[in-house]
Structure formats: C-alpha cells, structure tokens
Amino acid sequence: MSKPALYNISLKCFLHNSKWEVLILKTPENSSFYGMYDFPGGRIDEDEFEIDYIEILKRELCEEAWVENIEIKKKVVAIARHKAEWKFTSKNIPEYLYYNFFEAFLLENQEIKISHEHQDYLWVKLDEIKLEDYFYSWYLEAAKMYLNK
C-alpha cells in the first residue's frame, strides 16, 4: 500500500499590468531553477490557516514585488505540482508542493521592487514569447495551462 504524499500548498498568480503583460520573477542562484523565471506568490504559512487565500496571496505579492493595489480573481486558472530536491529544502528531504494559480490585475501603475527571493523581473506577454526560454518544469506546465484555458 502506498503512502500519501504530504504537500505544501502555494498560491501563485499571473499578475497583469494595463498592457496585459504578466510579471515574471527571475530565480536566484541558490534555486534549483536558477536562470529561469517564476511567478509571484508563495506558500501558506502555518498561522494563516484561517485567513482567506486571496489575502495570503496579497501578502505574498507585497513581500515579493511591493505591489499593493491589486485585484485578484477568486477562480483558480491553473495548477501545478513539484517535488523539490532534498538539497534545496530546509530539512534536506524532498518536499512536495502543490500550486494554485490565480489571475490578478494591477489597479494602477506601480513600481516593482523585488525581494531577496528573486534577482530580477520582466513584464511579458505569455502568448508572444517562447515559454521554454523562460520556464521549466512546473512553471512551464502552469504557463501552458493558463494560455490554453
């Protein structure tokens, strides 16, 4: 009999500006996906169990990109799964991650200020770039699912 995997839940988003471009964040050197791009968002903290997931995602967007005046749609638009290699986890064991992606919109032009979790950012039109040049693994899976919705 197989043992069920214990997943960390992460909330991510396709954050659009007024030009319908999506914010992507370049992964840092210590990432298993170094040189590729990520989408803003992050994990649900242990003390956030009772908090609305949209508020959690807003917290993550503020932490990672310093954006605040945003609208987030409550419908999941893409999902993805990832097994983080043990050497990239805090406990040196593999971690299973499950990602829920939402659509979000800047309500006004805002300056992006990325956190230490990323090294750069771009605004791109996902349907006008070669996704494989920017994304790998679950990042790529989510971007393709979103474009094909």
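The values are calculated or read from the model by the stated rules, or taken from the named source; none is laboratory data. The structure presented is a predicted model; accordingly, all values stated were derived computationally and were not measured. Note: ideal-geometry Cβ built from the backbone for every residue, glycine included; neighbour counts use all protein chains shown. Ligands, DNA and RNA are excluded from the accessible area calculation, which covers all protein heavy atoms including side chains. Shrake-Rupley method; radii C 1.70, N 1.55, O 1.52, S 1.80 Å.
Of the set (1) open to solvent by 10 Å² or more (accessible area, probe 1.4 Å); (2) assigned to a helix (DSSP H, G or I), all apply to residue 82 but (2). For beta carbons closer than 7 Å, sequence separation of 6+ or different chains, a first residue in segment 130-149 that is exposed (fewer than 14 other Cβ atoms within 10 Å of the Cβ) and a second that is among the acidic types (Asp, Glu), the qualifying pairs are 147/127. Residue 125 meets all of the listed conditions (1) in contact (Cβ under 8 Å) with a residue 24 or more places away in the chain; (2) surrounded by 13 or more Cβ atoms within 10 Å (Cβ to Cβ) but one, namely (2). Suppose the filter is in a strand (DSSP E or B) and crowded, with 16+ Cβ neighbours inside 10 Å; does residue 102 pass it? Considered against the rule, which asks whether it is in a strand (DSSP E or B) and crowded, with 16+ Cβ neighbours inside 10 Å, residue 102 comes out as yes.
Scanning segment 47-74 for residues that are open to solvent by 10 Å² or more (accessible area, probe 1.4 Å), in contact with a helix residue (DSSP H, G or I) (Cβ under 9 Å, 6 or more places away or on another chain) and part of a helix (DSSP H, G or I) returns 48, 55, 59.
Does segment 38-48 contain at least one residue that is among the small types (Gly, Ala, Ser) and over 17 Å from residue 8 (Cα atoms)? Quick ask: steps written out before the conclusion?
Filtering segment 38-48 down to residues among the small types (Gly, Ala, Ser) leaves 41-42.
Next, only the ones that are over 17 Å from residue 8 (Cα atoms) stay: none.
The answer is no, given that none of the residues of segment 38-48 is among the small types (Gly, Ala, Ser) and over 17 Å from residue 8 (Cα atoms).
Give segment 8-44 a look and list any residue that's basic (Lys, Arg) and in contact with an Asp or Glu (Cβ under 6 Å, 6 or more places away or on another chain), or say none. The answer is 26, and nothing else. Each residue in segment 21-54 was checked for being over 24 Å from residue 147 (Cβ atoms) and touching a Pro at 6+ places or on another chain (Cβ under 9 Å), and 1 pass.
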